[in-house]
Amino acid sequence: MIAQASGFALLAAISPTALLMMAVFLGSANPRKTAVLYVAGAIVMTVAMAVTVLVVLRATGLSQPHEHDPRYGLRLGLGILALAGAVVVARRKRPAADQDEKQGRGLMARIVARPAPATAFAAGVLIFAPSAAFIAAVQVVATAKASLEATAVALVVVVVISALIVWLPLLGYLAAPDATSRRLKSLNGWLRANGRAILMGALGVCGLVLVVNGSTGLAGL
C-alpha cells in the first residue's frame, strides 16, 4: 500500500510552479518567515485534502470488496483527467504581450511581484490544490484493508512526499541559506524554460499509469 501510494504522491510532487514560488519567496525581503508560511499553507492544504478524500472515499464504500468496479473506474477516470491535463498543457500557447499585462493583474502575479508573509500562506494553499495523482495516492490508502495506525502512517507518507518540492528547499535554506538561494536562482531560468515540458511529462506518466491500472482492474486482470 505505502509503496504504491508513495509512487503516486511522488508524481503529485512534481510542480515547477511550486518550486518557482519557493525561489521567489526565498528571494524576498523576509525570506525565512515568508518561505515558512508558504510551506505551512502547502502542508495545511495537503493534509486537509488527504483527510477529506479519505473520508469521502470510505463514506461512499469504495473500500468494500463489492465496490471493485467503481474503485477502478474512479482510477481510470483520474487517469483520463491527467492525460487531458497533459494535452491542455501541451497545446497552451505563450500569452501575447497584452495578455501578459492582463494576467499580471491576477492574484498569483501580484504575489510574485510583491512576495510577503501575508500572501505566502495563501499561495501555498492555492498551488497545492489536489491533483489527479494526489487523489490516486489517497485512494490507494483509502481502499486498502489496513489498520487505523497503518492508514495514518500511509497518509503521513503521502503528505510528506506530495509537499517534498517545498519543504526540502526550505530545509536546505535553513541549513545553508546562501548556497540554497544560489542554486534556486540558477534553477529558476531553467524551470521557466522547461517547466511546461516537465509538467506535461508528469501528467502524461501519471495518466498512463492510472489508465492502465484502472483498465486492468476493471477487466479483472
Check your understanding: So which pairs qualify, if the first residue must be in segment 120-137 and among the polar types (S, T, N, Q), the second must be surrounded by fewer than 24 Cβ atoms within 10 Å (Cβ to Cβ) and at pLDDT 95 or above, the Cβ gap must be under 9 Å, and the two must be at least 6 apart or on different chains?
Key -> none
Exercise for review: Run Thr180 past the list (1) under 22 Å from Lys33 (Cα atoms); (2) out of contact with any helix residue (DSSP H, G or I) (no Cβ under 8 Å at 6 or more places or on another chain) and report the number of the one that doesn't hold.
Suggested key: (2)
Revision key, fill the gap. If you go through Val141, Val156, Val212, the only one that is at pLDDT 95 or above and among the hydrophobic types (A, V, I, L, M, F, W, C) is Val156
Review point. Within the group Val88, Val125, which residue is loosely packed, with under 12 Cβ neighbours inside 10 Å, at pLDDT 90 or above and not small (Gly, Ala, Ser)?
Key: Val88
Check your understanding: Among the residues of segment 71-84, is any surrounded by fewer than 15 Cβ atoms within 10 Å (Cβ to Cβ), at pLDDT below 90 and more than 14 Å from the chain's Cα centre (by Cα)?
Key -> no
Check your understanding: Looking at segment 21-63, which of its residues are under 24 Å from Val157 (Cβ atoms) and assigned to a loop (DSSP other than H, G, I, E, B)?
Key -> Thr60, Leu62, Ser63
Check your understanding: Looking at (1) surrounded by fewer than 20 Cβ atoms within 10 Å (Cβ to Cβ); (2) under 24 Å from Leu81 (Cβ atoms), which is the only condition Ala109 fails?
Key -> (2)
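Results for (1) part of a helix (DSSP H, G or I); (2) under 15 Å from the mean Cα position of the chain (by Cα); (3) touching a residue at least 12 places away in the same chain (Cβ under 8 Å), shown as yes or no for each residue.
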residue	(1), (2), (3)
Val166	yes, yes, yes
Pro169	yes, no, yes
Gly172	yes, no, no
Arg183	yes, no, no
Ser186	yes, no, no
Leu191	yes, no, yes
Ala197	yes, no, no
Met200	yes, yes, yes
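The values are calculated or read from the model by the stated rules, or taken from the named source; none is laboratory data. Predicted model, so just to flag it, every value in this text is computed and none were measured. We place every Cβ from the backbone using ideal geometry, glycine too, and count neighbours over all the protein chains shown.
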